[in-house]
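First comes the structure, then the notes that go with it.
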Amino acid sequence: MKNNELKVAVVTGASSGIGAETVRALVKAGFQVYGGARRYDRLERLSRETRMTPLELDVRSTESVNVFVSRLPDAVHVLVNNAGGALGLDPVLEMDEMGWLDMYQSNVLGTARMARALFPRLCKSGLGHLVNIGSVAAFETYTGGAGYTAAKHAVRAITETLRLEWLGHPVRITEIDPGLVNTEFSLVRFNGDREKAKRVYEGMTPLSAEDVAEAVSWVVTRPAHVNVDSLLLRPLDQARVDRIFRRPSVP
Ligand SMILES: NC(=O)c1ccc[n+]([C@@H]2O[C@H](COP(=O)([O-])OP(=O)(O)OC[C@H]3O[C@@H](n4cnc5c(N)ncnc54)[C@H](OP(=O)(O)O)[C@@H]3O)[C@@H](O)[C@H]2O)c1
């Protein structure tokens, strides 16, 4: 790489929430950023503000991942596997199989597909960095959350397996595991029900997408020999995934 060339970062799920803020943070840190998601109109809007290169991407499809990757430079320094989320809050006895499959496709297979497709480009950069966005749901469970927590537990298994399989290659691997973050996550989980989504954050202060993006930016800017394995971030008001301190609302 010539001295005046920017390092390249790729962010999946860049159309909203943590992904969009990560794009802003990495642009600010001096990266040339490529952002992927299904909602291209939103990516375009973000690209006007940040000069990110917008590319359509559905991580549930190998074909879409391959087309996306074919449009990237030969060398990629950072891949932030952020695309994903939860669908529904159904107990196991009432599980919506299609919803569960979708969560697996985006969170689990999507993460592995992107890692597989970008591996040669990450190596080519001389020092690549894979950052998977997991969740406290990768460590804990809660009633109605099995579809999502199982998927995020699986993401953690992939992160840890890749650290073994890629040992000796010039690629750092980090998982960032946030607690409650105020994004469109709950709106998507509850299928657009704004009231239900709002109640998730009622009376407490969640993390912001900027808080998580700052963590991403920090891990990828450590000295080359330092691998931050994992970083679990929670709001002060959250002790466990399902133990939240809520202040009574003032009438
Ligand atoms: N918010 C939280 O409390 C929280 C906590 C821990 C972990 N997380 C994780 O953080 C990540 C980002 O979520 P968020 O909180 O920022 O929620 P969000 O605002 O709903 O953003 C989710 C992003 O993922 C993208 N996405 C979803 N499915 C995709 C697919 N098949 N292909 C490509 N992009 C896809 C969405 O874009 P399109 O719909 O445009 O494709 C969107 O940009 C997720 O992995 C989530 O599980 C969130």
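The values are calculated or read from the model by the stated rules, or taken from the named source; none is laboratory data. Because the structure is predicted, anything quoted here is derived from the model rather than measured. Don't worry about glycine lacking a Cβ; one is built from the backbone with ideal geometry, like all the others, and counts go over all protein chains shown. Keep in mind that these areas ignore ligands, DNA and RNA; they rest on the heavy atoms of the full protein, side chains included. Shrake-Rupley method; radii C 1.70, N 1.55, O 1.52, S 1.80 Å.
Looking at (1) without any contact (Cβ under 8 Å) to a residue 40 or more places away in the chain; (2) touching a strand residue (DSSP E or B) at 6+ places or on another chain (Cβ under 8 Å), which is the one condition that is false for residue 162?
(1) is the only condition that residue 162 fails.
Restricting attention to the range 47-61, and to residues there that are within 12 Å of the ligand (Cβ to nearest atom) and either out of contact with any Lys or Arg (no Cβ under 8 Å at 6 or more places or on another chain) or in contact (Cβ under 8 Å) with a residue 40 or more places away in the chain (or both), which single residue is farthest from residue 105 (Cα to Cα)?
Residue satisfying both the conditions and the ranking: 54.
State the number of residues belonging to the range 111-150 that are open to solvent by less than 10 Å² (accessible area, probe 1.4 Å) and out of contact with any strand residue (DSSP E or B) (no Cβ under 7 Å at 6 or more places or on another chain).
The qualifying residues number 4.
Taking the range 163-180 as the search range and keeping residues that are surrounded by fewer than 21 Cβ atoms within 10 Å (Cβ to Cβ) and among the aliphatic types (A, V, I, L, M), which one is farthest from the ligand (Cβ to nearest atom)?
So the residue we want is 167.
For the subset of the range 81-99 comprising residues that are within 16 Å of the ligand (Cβ to nearest atom) and either free of Cβ contacts under 8 Å to residues at least 24 places away in the same chain or touching a Leu at 6+ places or on another chain (Cβ under 8 Å) (or both), which member is most open to solvent (accessible area, probe 1.4 Å)?
98
Please go through the range 116-132 and pick out each residue that is within 14 Å of the ligand (Cβ to nearest atom) and either over 13 Å from the mean Cα position of the chain (by Cα) or of a type in the set (Gly, Ala, Ser) (or both).
Within the range 116-132, just 117 meets the criteria.
Any idea which of (1) open to solvent by less than 30 Å² (accessible area, probe 1.4 Å); (2) at positive phi is the one residue 30 doesn't satisfy?
Going through (1) open to solvent by less than 30 Å² (accessible area, probe 1.4 Å); (2) at positive phi one by one, residue 30 breaks only (1).
Could you identify the single residue in 249, 208 that is modelled with pLDDT under 95, among the hydroxyl-bearing types (Ser, Thr, Tyr) and either open to solvent by 30 Å² or more (accessible area, probe 1.4 Å) or farther than 30 Å from residue 128 by Cα (or both)?
Within the list 249, 208, the selection yields 249.
(1) more than 20 Å from the chain's Cα centre (by Cα); (2) near the ligand (Cβ under 8 Å from one of its atoms); (3) of a type in the set (Ser, Thr, Tyr): which one isn't true of residue 183, the others all being true?
(1)
Filter the range 14-30 down to the residues that are more than 12 Å from the ligand (Cβ to nearest atom) and in contact with a helix residue (DSSP H, G or I) (Cβ under 8 Å, 6 or more places away or on another chain) and list them by number.
Selection gives 24, 25, 26, 27, 28, 29.
Applying the selection to the range 209-236, what residues are away from the ligand (no atom under 14 Å from the Cβ) and of a type in the set (A, V, I, L, M)?
The answer is 219, 220, 224, 226, 228, 236.
Please determine, by comparing only the residues of the range 59-77 that are open to solvent by 40 Å² or more (accessible area, probe 1.4 Å) and in contact with a strand residue (DSSP E or B) (Cβ under 9 Å, 6 or more places away or on another chain), which one is nearest to residue 221 (Cα to Cα).
71
Out of the range 186-208, which residues are within 22 Å of residue 42 (Cβ to Cβ) and more than 11 Å from the ligand (Cβ to nearest atom)?
190, 191, 192, 193, 194, 198
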